[in-house]
Amino acid sequence: MVPRPAITLGLAVSLIVGACGASASPAPASQAPVSQAPVSGAPASQAAGPVHLVFVAGLGSSGQAIVQAQLATYQQAHPNVTVDFQAVDEANLLQKIQTLKGSGSQMDLLSINGDAFVDMVSLGLLMDITDKVNFYDRFKQDTFYKNYYEINGKRYSVPAGIGYYFTYFYNQALFDKYGLKPPTDFTGVQQVSDTLNAQGVLPFALPGKFNLAFSDFTHFTIDQTSGNNADQVTRDTVAGRTPFTDKVWVDSWNCAMRWVTANAIGKNYLSVDQTGADAAFAAGKAGITATGNWSFPTYLDAQKANPDQFKMGVMLPPLCPEAAAGTKPRVAIFPGNAYSVYAGSQHATEAIDLMDFLSSDANAEQWMKASSTNLTENVNASNPTTDPTQIQAEQWFDQGFVSPDWIMGITLFTKFQDEFVKVVQGKQSVDQGLANVEAYRVSIKDQLPTY
Amino acid sequence: MVTPPGPSTDARRTRPRSWRRHAVTAVLLAPAVVLLVVFKIYPLLATIPVSLFDSRGFGTAVTFIGLNNYGDLLSDEMFQRALQNTVLFLIVTTIGVNALGLLFALLVNTPKLKGRAFFQTVLFLPVVISTTATAVLWSFLLDPNIGLIPPIIKFLRLDFLLPGGFYGDPLSAMLTVSIVSIWQSVGFFMIVYLAGLHSIDSELYDAAKVDGAGSMALLTKITLPLLRPFVAVSLTLCIIGGFTVFDLIYIMTGGGPVHSTETLMTYMYFVAFKQFQEGYASALIVFILVVTGLLGLAQQRKFGVQMPKGGR
């Protein structure tokens, strides 16, 4: 017989384990007070009875504040509509939506991050709104957004009115100190690398701890080796028309490896995360990093605090020797956050009405101002900046290409980066790495768009 | 008044008292039991049928495939790697927390030690810090460019041991997260062993000293044998914790670099919430459950759960 103290001890332990293992579960979605069938063809704002919408958004704290203010305005004008706004970190949005779907919870409107767009469409989470919205006319570069929120001829999202660009940033103060210029080719990269390494400064702060950092190289090189045709080549590859083993990808990875062979990224890049890379860069401990215009506020603050140590500079990617003649270095574009209607929504008409409001010119401009950039395709948006660096970036933005990970989707791009890291580590050749990516693409081809 | 002894009288008097005591116990335990059943046991059992289906995306159509998901585990290289990593993490952390936990318990249990409460508090403090905060804190401390620890390593001329930083290769990355895990949980195991030490009757030590036993003999002949149930509990917790480690690794490394710190739970998360193969992910969970249960049973058989006589 087991003595009582042992039982007590065992019970206490089991309860402790249970208690320790228990994590705070999110509160269930609040129940709709009254649910009505959508009023087909009629503006939701004119709906007679009360309507309850659930809006799930993958947004950071600043984005949440913007949307919540906009929702308050909307609900003031539509007293019959209540909106249950559920915000979640971008990285967890897909899981959140899947969990809600699995539990049969109500969802109507979604604010999605572009990276997840392809995966969400392939999972059947987004409603086909091709014939339901027509407000692309508001956006200056109509075809740009049309192309990137449509898959196989069907439209699933509308933009929140803002896009982001991604390129290399350099510390102008540091470069001036050592008489360096932003490199325009890989001879320049080697020179910068040699000079900064000799001074004990890390040439390139690459956050390699989480593999996706290698998009810092491959985004740009595929655009160059494809003759500024990254968008189409990536789509052709996802659809199986141009395999990853094609020369255009092999050249792309070989060019990306030039950053490695130039000793620009240092031996300990795998121990650095994004926060660490940003901190090292802004502290004058690294010469170059790769990020997007979302980092402007952080860098401008650092510049204000220590102007002798750090001055933000933006530069175009260096040109690959593998690039075809006439190719131009360009920055990568993320079309950005978008609004979609959940495929299982029972209030599609009302959700589209709310989506129409949120993506309006006035609300798009709020996004732009709040993110401290002047980058927007909204034709009516004003330009709040006079900073020459940002103005230059905006010019590049207009000529950029859409980042390949946006087109591939998270699932395929994660594998793409995993295999590239193994190449960087010397564990496999470029050819082998790309063959592995292609094999994986084939294994999940049923889940990928055919473009 | 003195009650005359007699079996029938005893039975009459103890039965109602015993019934009441059990009723109170049941009522007090009921909320915890209900929560455990609803949020732990039922979801675990519900996982088993899900593991027999092939499905992609929650709530989408599924196909019954029998035990195929379990068969796929055997040929899945990533699963095998995650299993190896988990076992390595389990071994390192189990040895670390138990050896250090016992050592710290013995030290703070020294009667002449001044500031005992201070040391206990300091050693226990990491336990009450959230795992997320711990992971973020150590990520900063170990960052090769801005961290506090790499310059110290360099000053001591030990940086040749970590040419790629703390996460530069599979072994150093796994050791790093293991050491952080030990740092965070050693205080808890110290308290477990301290409770064990307090349960040992001091008369045993006095008697042994009279017989001429030295410090080492007291430790090996009295302390350690009587701590067996506490070692058993600690090992059970380590096995469960080792096989289910997730948050620390997910935040510190994300399972990387290049899956070098991928454990069964981070891999399960990847399969379930990145690839949305919930059938396969469920098979992984069932595997973890079975292995954890078997290991727990095996160590219970090995160590037993007998409490030291006289101990409470």
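Worth a mention:
- One way to sum up the overall shape of segment A:213-308 is the equivalent ellipsoid from its Cα gyration tensor, whose semi-axes run 32, 16, 11 Å, largest first.
- The alpha-carbon positions of chain B define a convex hull whose volume is 234 Å³ per residue.
- Peptide A:406-416 has a mean of 1 when you count, residue by residue, the C-beta atoms of other protein chains within 10 Å of its C-beta.
- Straight-distance candidates among the lysines for linking to residue A:154, with alpha-carbon spacing under 27 Å and chain neighbours fewer than 8 residues away dropped: A:96, A:101, A:132, A:140, A:146, A:415, A:445, B:274.
- Viscosity 1.567 mPa s, temperature 4 °C, Stokes-Einstein D of segment B:50-180 from Kirkwood C-alpha radius, µm²/s: 68
- Residue B:140-residue A:154 FRET efficiency (beta carbon distance; Förster radius 45 Å; 0.05 resolution): 0.50
- Förster radius 41 Å - calculated FRET efficiency between residue A:439 and residue A:147 (Cβ-Cβ, nearest 0.05): 0.90
- The phi-based Karplus calculation (6.51 cos²θ - 1.76 cosθ + 1.60; θ = phi - 60°) puts the 3J(HN,Hα) values of segment A:265-277 at 9, x, 7, 9, 4, 6, 9, 10, 9, 4, 4, x, 5 Hz, whole numbers, x for Gly and Pro.
- Solvent-free Debye scattering, log10 I(q)/I(0), computed from the Cα coordinates of segment B:91-136 at q = 0.15, 0.21 Å⁻¹: -0.49, -0.82
- Against the criterion of solvent-accessible heavy-atom surface with a 1.4 angstrom probe, A:78, A:219 sort, most first, into A:78, A:219.
- Rounded to the nearest 0.05, the FRET efficiency derived from the C-beta distance between residue A:92 and residue B:213 at R0 = 45 Å is 0.15.
- Cα-derived Rg over Rh, computed across segment B:120-163 with Rh taken as Kirkwood radius: 1.11
- Once the Cα-Cα distance is subtracted from the 0.36 nm per residue extended length, the residue B:160 to residue B:42 segment shows a gain of 37.4 nm.
- Charge dipole magnitude, Cβ of K and R +1, D and E -1 - chain B, Cα centre, debye nearest 20: 1540
- With the convex hull drawn around the C-alpha atoms of segment B:157-305, the volume per residue stands at 141 Å³.
- Relative pair counts by distance (%), Cα atoms of segment A:152-246, 5 Å bins: 2, 9, 14, 17, 16, 16, 10, 7, 5, 2, 1
- Kirkwood Rh and Cα Rg combined as Rg over Rh, evaluated for segment A:400-451: 1.01
- Computed from protein heavy atoms with a 1.4 Å probe, the total accessible area buried between A and B is close to 3700 Å².
- Per-residue average of Cβ from other chains inside 10 Å of A:272-280: 5
- Those aspartates and glutamates that a straight Cα-Cα span of less than 19 Å connects to residue A:311, excepting residues fewer than 8 apart in one chain: A:176, A:278, A:301, A:387, A:394
- The mean number of Cβ atoms from other chains found within 10 Å of a Cβ in peptide B:143-156 is 4, as a whole number.
- Sorted largest first, the principal axis extents computed over the alpha-carbon atoms of segment B:180-267 equal 60, 18, 16 Å.
- The alpha-carbon positions of segment B:118-245 define a convex hull whose volume is 161 Å³ per residue.
- Projected onto their three principal axes, the Cα atoms of segment B:224-284 cover extents of 49, 26, 14 Å, largest first.
The values are calculated or read from the model by the stated rules, or taken from the named source; none is laboratory data. None of these values were measured; they are calculated from a predicted model. In this analysis, Cβ positions are derived from the backbone assuming ideal geometry, glycine residues included, and neighbour counts consider all displayed protein chains. What goes into the accessible areas is simple: the full protein's heavy atoms, side chains included, and nothing from ligands, DNA or RNA. Shrake-Rupley method; radii C 1.70, N 1.55, O 1.52, S 1.80 Å.
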